[in-house]
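The values are calculated or read from the model by the stated rules, or taken from the named source; none is laboratory data. If you're wondering where the values come from, they're calculated on a predicted model, not measured in any experiment. We place every Cβ from the backbone using ideal geometry, glycine too, and count neighbours over all the protein chains shown.
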Amino acid sequence: MRILFTKNFNKMMISKKLGSHFSYDFVEVIKIVPMQVEPFDLKNKSLIFTSVNAVKSFFENGFRPDENFTSRNFNKIYTVGMTTKKELRKYGFGTFKVTRHAKELSEFIIENSSKENFLHFCGNLALDVLNKTLPLQNISYRKIPVYETVLLYPKVTGTYDAVCFFSPSGVRSFAKFNSLNNIKIYSIGETTEKEIKKFTKNPIITSKESTMEDLLRLIARPE
């Protein structure tokens, strides 16, 4: 089985998970460009991160959360995805709540954290799930782009049995010049799956855990 990953990964990690019955290539479909944002006071704010790139750009811009829970002004941190949580741990910070996707996070906030003031650090193409739901519930919410996602629109010439997608923007970039028909499709999560459905009626195999490890398990041992 020959697989195309629409993102670069460590080949040794892929090989270890999939074994010798698979061959694979990588193609970059988007480029991340950090934005310069002047750091400001995060006092009394709850922070939302929905991607690894947002976490990286946040700290590269010099922001620093206050995680001292004895302080009246400490920052609760909410994330979408375990990879985002793990990226925060690299900088020494924990997470108050982790969800699989933005819709689930929105529902949690409305049910449990409606009195907090939220700052959502994200990319310029971040989906408007939180922006469309939280303000309607009179929840204080502000989106702050800290990186730009540039779509590269590659033209793939090889023949593959399957393709794997990792973001809605990656789907849009790939689908501009490449067909999604007559090929097996894997998705990292439900949000990406919804975007794929705009371009094909093919069945989509989606990681319910929204992690690379679970996605590779699905590829190696299809259910």
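Numbers for the structure displayed
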| read-out | value |
| --- | --- |
| Among (1) part of a loop (DSSP other than H, G, I, E, B); (2) within 19 Å of ASN202 (Cα to Cα), the one test that VAL171 misses | (1) |
| Wholly within the stretch 1-62, strands (runs of 3 or more DSSP E) carrying at least 1 residues that are closer than 30 Å to PHE96 by Cα and of a type in the set (A, V, I, L, M, F, W, C) | 30-34, 46-49 |
| Residue in the stretch 168-190 that is surrounded by the most Cβ atoms within 10 Å (Cβ to Cβ), counting only those that are within 25 Å of MET12 (Cα to Cα) and aromatic (Phe, Trp, Tyr) | PHE174 |
| Matching residues in the stretch 52-111 - criterion: being touching a strand residue (DSSP E or B) at 6+ places or on another chain (Cβ under 8 Å), in contact (Cβ under 8 Å) with a residue 24 or more places away in the chain, under 20 Å from PHE166 (Cα atoms) and of a type in the set (Ser, Thr, Tyr) | SER57, THR79, THR84 |
| Any hit, the stretch 71-78, residues being surrounded by 12 or more Cβ atoms within 10 Å (Cβ to Cβ), at pLDDT 90 or above and not in a loop (DSSP other than H, G, I, E, B) | yes |
| Count - residues of the stretch 191-203 that are surrounded by 18 or more Cβ atoms within 10 Å (Cβ to Cβ) and either more than 17 Å from the chain's Cα centre (by Cα) or acidic (Asp, Glu) (or both) | 2 |
| Subset of the stretch 47-70 [of a type in the set (Val, Ile, Thr) and surrounded by fewer than 21 Cβ atoms within 10 Å (Cβ to Cβ)] | VAL52, THR70 |
